[in-house]
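Please treat every number below as a calculation from the coordinates, not as lab data. Note that this is a predicted model, so its numbers are computed, not measured. Note that each Cβ is placed from the backbone with ideal geometry, even for glycine, and that neighbours are counted across all protein chains shown.
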Amino acid sequence: MDYEGPIQDLITELGRLPGIGPKSAQRLAFHLLTVDATDARRLADAITSVKERVRFCEVCFNVSEGPRCRVCRDERRSDEVLCVVEEPRDVVAIERTGEFRGRYHVLGGAISPLDGIGPAQLRVKELLARLSDGAVTEVVIATNTSIEGEATASYLSRQLQPLGVRLTRLAAGLPVGGDLEYADEVTLGRAFAGRTQL
Amino acid sequence: MHVERLELIDFRSYHHAVVDLQPGPQVLVGPNGVGKTNVLEALHVLAAGGSHRVGGDEALVREGAQEAVLRAWTRDREGRGQEVSLALRPGGRNVARVDGAGVPRLRDALGRVRVVLFAPEDLALVRGDPADRRRFLDQLLAQRRPAYHAARQEFERALRQRNALLRQQRLGDPAAQAGLPTWTEAVATTGARLVAARLLACHALADPFAARAAELAGGAPGATPGLAYRLSTDRVEVADGGVQEVDPQGLARELAEGMRERAEEERERATTLVGPHRDELRIDLDGRPARSHASQGEAWTLALALRLAAREVLEEVGEEPVVLLDDVFSELDDGRRARLAAWCGRAEQVVVTAAVEGDVPLGGPRLLVRPGEVQASTGPDEHREARGEGDHGDPGQKERP
């Protein structure tokens with residue numbers, strides 16, 4: 001049986017979020033029913049403003065508050081190296097390392113025919129346009145190591161090869177600081193295959 | 001390694017049964033349909049995570065019960081004991097424990113009990129479709145090389161993606177054509193990894209297979225058996241024990257080339273026609289397919305030789321697997337029975353089932369199987385006390401009230 005009115009509306013809406021099943025939706029809804037009006041208002045405002053104020057950077061398609069994102073606005077960064085990632089959250093992950101001082105390009109996903117996503121659904125045309133002026137000398141392809149991420153990397157390398165730009169791919173292998181014995185077989189196997197000369 | 005004790009709770013026909021096993025050979029004796037095979041199946045499930053007879057776990061749980069629990073106490077070469085248990089929960093997540101502690105991933109517990117099972121279904125290795133022999137190689141490799149399973153999942157994902165693209169192409173999507181080279185490469189690279197692993201397995205099987213087949217045949221004049229691997233590109237590689245290395249890059253180029261050659265046909269049928277999913281492990285007699293040229297007796301011998309060879313390949317890494325022979329002896333002539341028995345005498349542990357005890361020329365204890373229980377036919381307590389065990393719970397309790 002469904003609940004009456006607004007509480008059922010809330011359960012239905014929450015249940016449409018990724019990773020939230022009917023049980024969790026119900027628990028969240030009843031939790032929200034008990035919190036302060038101000039707390040509930042803050043959550044509601046956050047949801048509305050994310051739709052109203054956040055948009056995609058016109059240069060790299062990262063999430064941004066203005067027309068250009070923080071990374072693209074930063075004049076201290078190098079324009080010579082461009083890192084291609086699938087999603088905005090990958091930018092955040094790489095930024096956390098503090099190691100990379102170039103720019104980004106967010107594709108908006110990976111090629112997956114099963115999901116109806118081809119190169120046309122990704123920001124590949126925009127990437128080619130960015131590379132056309134020759135300012136970028138190296139493109140780092142940092143798509144996921146999933147089969148779709150690898151396929152996207154191989155598609156991009158095919159497209160970018162004629163431009164004569166240096167193409168690199170992130171290495172796959174062992175996690176740093178971990179014990180060899182805790183690495184799963186696939187990662188360890190990949191690390192073994194990609195071993196380097198000392 | 002060998003299994004000292006196996007406990008079954010709500011598994012198949014058993015409410016609760018405890019089976020004490022010895023190193024060396026032993027025979028489970030009982031009429032048809034009392035549950036002899038279920039005991040071997042239980043050991044196979046603990047080793048591989050699933051049954052050799054049915055796909056899902058539903059059939060493994062006793063009717064009316066929510067879950068089945070299997071528990072085995074093993075002892076390895078160096079005398080170390082281990083307890084592995086597995087709870088089968090159809091519709092839920094199966095849970096495994098090692099020495100009473102939960103393990104994060106099911107596959108961390110699998111493979112601790114190692115078995116090689118020969119069952120009547122194995123006749124399909126010789127008589128069945130190419131898919132039956134592919135499954136044999138895949139299962140062997142999953143035990144021999146843990147990364148193989150993951151590599152197979154990657155290949156299957158790439159294959160599904162490429163097939164989806166081929167279907168879009170048939171529906172007239174112009175973008176599909178442009179995307180094809182990428183997925184051809186993905187299928188070729190991931191597929192080549194599987195083909196390389198299978199070829200190596202095939203080469204490793206060659207000598208033990210020939211030796212076991214010759215041993216079982218007992219020097220009788222007859223056709224010479226051999227193994228070969230036929231790729232989807234129609235190239236046949238004859239199994240050769242001397243080959244130690246295979247070049248995956250070369251195989252990837254071969255697969256990619258094969259897909260380019262058959263592009264027209266793939267477009268029409270909208271499915272990928274080149275790759276490990278279309279390969280075949282061939283069992284030959286004098287160079288001709290045994291599938292159509294072996295007599296019934298020869299077919300049994302070849303299938304059995306292949307299983308015994310698999311045991312030797314598995315033994316290269318880690319512990320010697322337990323040999324499980326389900327109702328095999330009744331299918332063989334006297335000479336083959338005697339020679340199989342001699343081979344069994346060399347294995348660390350062998351568990352055999354038989355409806356007629358006289359069919360099995362093997363020493364070792366006899367375990368009587370009745371509906372719902374398994375009992376040692378003579379002096380079970382002597383065996384246990386002689387080996388200083390008694391700490392495995394209550395050995396007297398055979399059935400739950």
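The convex hull built on the alpha-carbon positions of the range B:131-293 has an orientation-averaged projected area of 10.3 nm².
Screening chain B for whole DSSP H helices with an alpha carbon extent of at least 18 angstrom along the helix axis and a mean Kyte-Doolittle hydropathy of at least -1.0 yields B:36-48, B:174-217, B:248-261, B:296-315.
Only alpha carbons enter this Debye calculation for chain B, each as an equal point scatterer, and the log10 of I(q)/I(0) it gives at q = 0.08, 0.12 Å⁻¹ is -0.48, -0.99.
Residue by residue along A:143-155, Cβ atoms of other protein chains within 10 Å of the local Cβ number 4 on average. For the protein assembly as shown, the convex hull drawn through the C-alpha positions has a volume of 229 cubic angstrom per residue. Sorting B:21-30, A:74-83, B:82-91 by average packing, meaning the other beta carbons within 10 Å per residue, from highest down gives B:21-30, B:82-91, A:74-83.
When chain A is described by a simple charge dipole with +1 on each Lys and Arg Cβ and -1 on each Asp and Glu Cβ, the residue from A:ALA193, A:SER24, A:GLN161 located farthest towards its positive end is A:GLN161. Percent of Cα pairs in the range B:48-204 per distance bin of 10 Å, from zero to the largest separation: 9, 26, 30, 23, 10, 3, 0. Shape descriptor for the range A:21-147: Rg over Rh equals 1.09 (Cα atoms; Rh from the Kirkwood inverse mean 1/r). Which parts of the range B:135-179 would a label at B:ARG230 reach, counting a residue when its backbone N lies under 19 Å from a point 7 Å out along Cα-to-Cβ? The answer is B:135-138. Helix A:147-160 and the longest principal axis of the C-alpha atoms of chain A enclose an angle of approximately 50°. Counted by neighbouring Cβ atoms within 10 Å, the residues A:PHE100, B:PHE11 run from fewest to most as A:PHE100, B:PHE11.
So what's the net charge close to B:ASP247: Lys and Arg +1, Asp and Glu -1, counting the other residues with Cβ under 11 Å from its Cβ?
So the surrounding residues net to -1.
Within the range B:256-376, the percentage of alpha carbon pairs spaced more than 25 angstrom apart rounds to 49%. Peptide A:111-120 is shielded by partner chain Cβ atoms: per residue, an average of 6 of them sit within 10 Å of its Cβ. Sorting B:SER292, B:SER51, B:SER330 by the number of Cβ atoms found within 10 Å of their own Cβ, with the fewest placed first, yields B:SER292, B:SER330, B:SER51. Note on the range A:77-169: along the principal axes its Cα atoms extend 37, 31, 18 Å, ordered by decreasing extent. Under the simplified labelling scheme, the A:ARG41-A:THR145 pair shows an inter-label distance of 4.9 nm, with each label point 7 Å from Cα along Cα→Cβ.
In a reduced charge model with +1 at each Lys and Arg Cβ and -1 at each Asp and Glu Cβ, the range B:131-293 shows a dipole moment near 540 debye about its Cα centre. So for the range B:185-269, taking the charge dipole from beta-carbon charges (+1 Lys/Arg, -1 Asp/Glu), which of B:ALA210, B:VAL187, B:VAL238 sits furthest toward the positive end? Farthest towards the positive end: B:ALA210. Think of chain A as having a plus end and a minus end, set by charges on the Cβ of Lys, Arg, Asp and Glu; of A:GLY108, A:GLY149, A:GLY66, A:GLY66 sits farthest toward the positive end of this dipole.
Restricting attention to the protein assembly as shown, close to 60% of DSSP beta bridges with both partner residues there are antiparallel. When +1 charges are put on Lys and Arg Cβ atoms and -1 charges on Asp and Glu Cβ atoms, the dipole computed for the protein assembly as shown relative to its Cα centre reaches about 1340 debye.
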